[in-house]
Amino acid sequence: MSLLSDPKPGSPRFVATYGAVALLALIELVILWQAIHPNVPEAYRAYYIDHTTTCMRQPVTGAYTMGTTIDFRSGGSDTTELRPCGWEGPVGNGMHLLGETARLRFATGTTTEAMTLTLEMTADDIEGMSDQRVVVSANGTPVGTTTIPRGQTVTVPFAIPAGVTADTGLLDIVLDVPDAVRSRPGDSNTRKRSIKLTEATLTPN
Amino acid sequence: MQHMLQPASTTSRSRTALIFVLPLLFLVIGLALRFLAFRVAQPEAGPSAFITAMCRWDCGWYVKMAQTGYDPFPIPSRINAGNWAFFPFYPLLVGAIRLVLPFPTIVTASIVSLLTTYAAAVIAWPLFERNLRAFTLYAAYLLSGPFAFYFTSFFTEPMFVLTMTVVFVMLKRSNYMGAGLATVLLSATRIVGVFATLSLIVQAALDHRAATGSWRGLIGAFLKRPNLLLAIFIAPLGLFAYMAFLNFYIGDGLAFQHTQRAWGRPYGNPIFFVWQGLTAWPNTGFWPTSSQWLAGAAVLGFVLTLVLAWRRQWAQALFAFVSLTLPLFAGLASVIRFTAAMVPITVLAMQLLASRRWLFALSLLGIIVLGYVIPLAWLGNNVALV
């Protein structure tokens, strides 16, 4: 009898084949169960699975010389180590904030004094877009909100309180853009548009 | 009797020779056409840059995968787009072959793709019901046609077409175990490959009805055939094996789906996306926009799927319908590539185009001409072809 032909009901081969079917079904169920119960880091879960953020932090050093003005336009500074997430570019007129949140990181060393972060930003000019609010926090401490009229450029200083970087020597800036818009219906929120960052300076007070 | 058999036997031998020679001929013609397009599009580049020049868009991802395998998490290159989105079978096969061949990865991949697509063309012969004209068009389409660069560079399409062809040849012969084993590889090549399992079930049901004249007793008949059940449960193993690997490696068996978020694809109703594409009129002139080309490809794919259904080729129609519809939930991206590599649809299209001698001649000419023209658009970074 060929192995390709079906075995007679009740024969040993019939039982063995059914056993193989049951085993395969069990293996596939286990793999499915594991797939719907992922065991992943929090950042992975938030970005890929729960979609609670559009900005998944990448490990960057934040290497920065205090007081330097960083140019985020194309042809400007290499800003890779300052951008943990939420940016796309640079393009000619700046670095696009993409999604609902973006982050900057500055390595400040052991300083504990107050600082000023000055950001030059331009609101995108997309049809149907309103003025863009940018809510800024530093290491979890809110440091201000600014509103940028559509298509306009503003330079805004944010006061960073003393001591916020004492523990880590790193200043993690979060920019939330609650008025960001989808440029096409159905677009992912990871593609939302709001502002472009053109320059940033961190100076000790 | 001897005299009567002699011509038939000779004809059969000639036909067998043609089945092997025609695809080889179109393989050579296709290479020449694409090389010519490359020389016209990039006259400053040396001839040796040809193979690299044809490797665009996702091809770059596959080259890297063949060299370094899957990304861990966090991704070393500090991007969100994990290469878990790309299914393993073909890039890892090329990765294994490159270990024994002394060529750069893209050269090895292109050689393997050419051989794989050649094999896909030859193996497809039983799907053409001895229609040599349709088979000729199909071989020309795969190896010298407008989309031959997908099938001869480093995309998953060569293996997808080959394994899909084997599935439908096996189903045509009611060889469910063969179809199931081919579906293992198909579902490890692209996610939609797993839906060939549905085609297997449908074909088995249709065969039951053809044998008994009734749907009655279908479940009982299936249960009395453990080999059929085994084939059904073996078929999706390619997908399940990949899920098990991702679960072990990343901790997320659905990482291939979850990482799509990093590409920022939209999510919505396929009908909406197709309509949006069709009505994306050009700002100037009459030449259709990329969106219109993509939406047009989707519409053509569905029309041909309807023809498959009308011809009661239910197993093929079901696979084509599901495989074309699912990607459309994420917009029109890559629809031309997905439609161009859908075997039931392309086989049907070639059968229709071969139905009249003059139409066959015109179609063959069109395939060859477009086999030069469309690569020019590909080399020009035409986004509709991504």
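The values are calculated or read from the model by the stated rules, or taken from the named source; none is laboratory data. Given the structure is predicted, the values throughout are model-derived calculations rather than measurements. Heads up, the Cβs are rebuilt from the backbone with ideal geometry, glycines too, and the neighbour counts pull from every protein chain shown.
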| task | Please specify each residue of the range B:137-174 satisfying the condition of being among the hydroxyl-bearing types (Ser, Thr, Tyr) and either in a helix (DSSP H, G or I) or closer than 30 Å to B:Trp358 by Cβ (or both). | result | B:Tyr138, B:Tyr141, B:Ser144, B:Tyr150, B:Thr152, B:Thr163, B:Thr165
| field | Among (1) within 11 Å of chain A (Cβ to nearest Cβ); (2) under 17 Å from B:Gly331 (Cα atoms); (3) touching a residue at least 12 places away in the same chain (Cβ under 8 Å), the one test that B:Leu278 misses | value | (1)
| task | Mind listing whichever residues of the range B:276-295 are surrounded by fewer than 19 Cβ atoms within 10 Å (Cβ to Cβ) and of a type outside the set (Val, Ile, Thr)? | result | B:Leu278, B:Ala280, B:Trp281, B:Pro282, B:Asn283, B:Gly285, B:Phe286, B:Trp287, B:Pro288, B:Ser290, B:Gln292
| field | Filtered residues of the range B:166-178 (kept if crowded, with 21+ Cβ neighbours inside 10 Å and closer than 15 Å to B:Pro226 by Cα) | value | B:Tyr176
| query | Any residue in the range B:251-260 that is farther than 25 Å from B:Thr197 by Cβ and either more than 10 Å from chain A (Cβ to nearest Cβ) or not hydroxyl-bearing (Ser, Thr, Tyr) (or both)? | reply | yes
| query | For the range B:84-106, how many residues are away from chain A (no Cβ under 14 Å) and assigned to a helix (DSSP H, G or I)? | reply | 12
| In this structure, is A:Ala46 crowded, with 17+ Cβ neighbours inside 10 Å and either facing another protein chain (nearest Cβ under 9 Å) or free of Cβ contacts under 8 Å to residues at least 12 places away in the same chain (or both)? | yes
| query | Within the range A:179-205, how many residues are surrounded by fewer than 16 Cβ atoms within 10 Å (Cβ to Cβ), within 13 Å of chain B (Cβ to nearest Cβ) and outside any loop (DSSP other than H, G, I, E, B)? | reply | 1
| Scan of the range A:15-67 for residues that are assigned to a loop (DSSP other than H, G, I, E, B) and within 30 Å of B:Ile232 (Cα to Cα), ordered by number | A:Ile36, A:His37, A:Pro38, A:Asn39
| remark: Expected single match for touching a residue at least 40 places away in the same chain (Cβ under 8 Å) and among the acidic types (Asp, Glu) among A:Glu88, A:Glu81, A:Glu100 is A:Glu100
| message | Quick check on the range A:142-158. Is at least one of its residues surrounded by 14 or more Cβ atoms within 10 Å (Cβ to Cβ), closer than 25 Å to B:Tyr267 by Cα and of a type in the set (Gly, Ala, Ser)? | response | no
| task | Would you confirm whether any residue within the range B:220-239 is of a type outside the set (Phe, Trp, Tyr), out of contact with any helix residue (DSSP H, G or I) (no Cβ under 8 Å at 6 or more places or on another chain), at pLDDT below 95 and part of a helix (DSSP H, G or I)? | result | yes
| Of the residues that sit in the range B:206-219 and are more than 18 Å from B:Trp314 (Cα to Cα) and outside any helix (DSSP H, G or I), which one is nearest to the other protein chains (Cβ to nearest Cβ)? | B:Gly217
| request: Scan the range B:43-70 residue by residue and report those that are outside any helix (DSSP H, G or I) and either β-branched (Val, Ile, Thr) or modelled with pLDDT of 95 or more (or both). | output: B:Met54, B:Cys55, B:Gly69, B:Tyr70
| Of A:Asp131, A:Asp176, which residue is loosely packed, with under 14 Cβ neighbours inside 10 Å, more than 14 Å from every other protein chain (Cβ to nearest Cβ) and charged (D, E, K, R)? | A:Asp131
| query | Take the residues of the range A:147-195 that are modelled with pLDDT under 90, more than 23 Å from the chain's Cα centre (by Cα) and not charged (D, E, K, R): which is farthest from A:Leu119 (Cα to Cα)? | reply | A:Ala166
| remark: Counting only residues in the range A:69-120 that are among the β-branched types (Val, Ile, Thr) and assigned to a loop (DSSP other than H, G, I, E, B), the one farthest from the other protein chains (Cβ to nearest Cβ) is identified as A:Thr112
